[in-house]
Structure formats: structure tokens, C-alpha cells
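This report concerns only the one structure given below.
The values are calculated or read from the model by the stated rules, or taken from the named source; none is laboratory data. Note that this is a predicted model, so its numbers are computed, not measured. Please note: Cβ atoms are built from the backbone with ideal geometry, for glycine as well, and neighbour counts cover all protein chains shown. Please note that ligands, DNA and RNA were not included when accessible areas were found on the heavy atoms of the full protein model with its side chains. Shrake-Rupley method; radii C 1.70, N 1.55, O 1.52, S 1.80 Å.
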Amino acid sequence: TLVAGTYPANANDHVSEIEQSPDGSEDATEARGEVFVTSLVNGRTRRITSTPAFEHHVSFGPDGRTLLYCSERGGDSDIYEASVPADRPASFTQAGTVVEKKLIGTEGDALLPSYSPDGKRVTYFDNRSSIKIYDRTTGKTTTLLPPGQIYSYIDGDISMTWSPDGRWIVATTGSPLEDTDITLLDTTGKSEPVNLSRSGFPDKAPIFTPDSQAVI
């Protein structure tokens, strides 16, 4: 029987995600539902979140001074951003304040957030049924793929990736229980989605070539 008090726990036994910073100096991890950042130079680890909610889907911004992650606070999953102030080095493990804010709040679950290559936009799955882009400068949200063409049943069964030039997103669409295709999305929202595979078989895990001219 447990009694009130403080108990030690080894977070390394429960790491479910890991993401390296753009310059390779730090790793962000999700362990026991919290976000941590570890320096690969000196091994120092800093805890970023400390909440009763479950944090997940952590990733770095392109400048290494911001972190995106989902948090299931308030009954659903919203997107939060932790950042290092501009007057400090781009390091989460150095001493100093880390500022957190809710970046995207939705009525359903907002999942799998990722920054555009320039860091100005964030794409995410909205309520497991559509893909949207949030513009951090204007606050405008654009729907790239409306409900009806995609549905995610569990985390990780659907993927999406920015092109290196930030012009396109390629995503797994359809239903993992039936058939999935590879769909090209215009990040401006001006062009209709283009199904690239149409194979009749499950297609998954698309990525761009470094020049943004082809999808594998």
C-alpha cells in the first residue's frame, strides 16, 4: 500500500519519444508523460513540463530555441510551445527561464504538430480527421485537407512531412483500417490535394527528397 510522500522514479525506463535539436547539441524526450531536454555536451537534463496531463509529440523549432508538444490539459489535446528568450543562447539546458504558452487550442484533439522549415507556420492534425496550418505571424488557420479524406485511429498511424522549401506537405491519407494513399498538399491552401499513389494498396511514410522535387 502506497502512502503519501515523494518517490524516486527512473525516467529513462519510460522514454517513448526522442527528438534532436537542429544543431545536434540537445535531445528532447517525452518520458512518463513529461517533456525533458538533455544536453549532449555535458549530460545535463532539464524538465520542461510538470503537469498532471499527458504531454506528447515533442519537436524542436528550426532555430533550436522553441519546442512544440501536445498536452492533454482540460480534457483534450492542445498544442503548446516552450521557448528560450531571445537574449539567451539557444539552449534549454542552460540556466534561465523557459516560457510556455498554449499555441493552438481546438475543440477536439490537436495532434502531431510540426514547424515549417522557416518556423513561421505549424501544421497539425485536427480532431484526427483533417490537416491544418497555423500561421504564427497572423494567427490565421488554413485547412489543407478537410474531414472525409483521412482518419487517424491511434497515434502514429498517419504521417505528414514538410518539403524542405516549405512549399508542400506530403501526408498519408485514407484509413489505416482499409487503404492509405500518399497525398500532396499545397501549404497555401490554394490548390486541391493531389493523390500521388492511387495504388489500391496501403501506402505510408512519405518523405521529400532534399531538393523538394520528388516524394519517396
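Applying the criterion of being over 25 Å from Glu107 (Cβ atoms) and touching a strand residue (DSSP E or B) at 6+ places or on another chain (Cβ under 7 Å) to the residues of region 48-65, the residue that is surrounded by the fewest Cβ atoms within 10 Å (Cβ to Cβ) is Ser50.
The residues of region 170-212 that are under 24 Å from Asp135 (Cα atoms) and small (Gly, Ala, Ser), listed by number, are Ala171, Gly189, Ser191, Ser212. Close contacts from region 174-195, counting a first residue that is under 16 Å from Phe125 (Cβ atoms) and a second that is charged (D, E, K, R) and open to solvent by less than 30 Å² (accessible area, probe 1.4 Å), with Cβ to Cβ under 7 Å and a gap of 6+ residues or different chains, come to Gly174/Asp181. Considering only residues in region 18-45 that are of a type in the set (D, E, K, R) and crowded, with 17+ Cβ neighbours inside 10 Å, the one that is nearest to Asp155 (Cα to Cα) turns out to be Glu30. Asp135 meets each of the listed conditions (1) without any contact (Cβ under 8 Å) to a residue 60 or more places away in the chain; (2) within 29 Å of Ser21 (Cβ to Cβ); (3) more than 16 Å from the chain's Cα centre (by Cα) apart from (3).
Can you name every residue in region 136-160 that is part of a strand (DSSP E or B) and either among the hydrophobic types (A, V, I, L, M, F, W, C) or open to solvent by 40 Å² or more (accessible area, probe 1.4 Å) (or both)? Scanning region 136-160 gives Thr141, Thr143, Leu144, Leu145, Ile150, Met160.
Residues that are modelled with pLDDT under 90 and either among the charged types (D, E, K, R) or part of a strand (DSSP E or B) (or both) within region 89-110 comprise just one, Glu107.
Among the residues of region 122-130, is any of a type in the set (D, E, K, R), buried (at least 20 other Cβ atoms within 10 Å of the Cβ), in a strand (DSSP E or B) and modelled with pLDDT under 95? Within region 122-130 (the criterion being of a type in the set (D, E, K, R), buried (at least 20 other Cβ atoms within 10 Å of the Cβ), in a strand (DSSP E or B) and modelled with pLDDT under 95), the answer is yes, since at least one residue qualifies.
Screening Ile216 with (1) touching a Phe, Trp or Tyr at 6+ places or on another chain (Cβ under 8 Å); (2) open to solvent by 90 Å² or more (accessible area, probe 1.4 Å); (3) within 18 Å of Ser116 (Cα to Cα) gives one miss only, at (3). Among the residues of region 161-189, those that are out of contact with any strand residue (DSSP E or B) (no Cβ under 7 Å at 6 or more places or on another chain) and either at pLDDT 90 or above or open to solvent by less than 60 Å² (accessible area, probe 1.4 Å) (or both) comprise Asp165, Gly166, Arg167, Ser175, Pro176, Asp179, Thr188. Look at (1) open to solvent by 20 Å² or more (accessible area, probe 1.4 Å); (2) closer than 17 Å to Leu185 by Cβ; (3) aliphatic (A, V, I, L, M) and you find that Ile133 fails only one, number (1).
Got a number for residues in region 33-65 being at positive phi and touching an Asp or Glu at 6+ places or on another chain (Cβ under 7 Å)? Summing the residues that are at positive phi and touching an Asp or Glu at 6+ places or on another chain (Cβ under 7 Å) in region 33-65 gives 2. Residue count for region 165-205, restricted to those that are assigned to a loop (DSSP other than H, G, I, E, B), closer than 17 Å to Pro117 by Cβ and under 16 Å from the mean Cα position of the chain (by Cα): 1.
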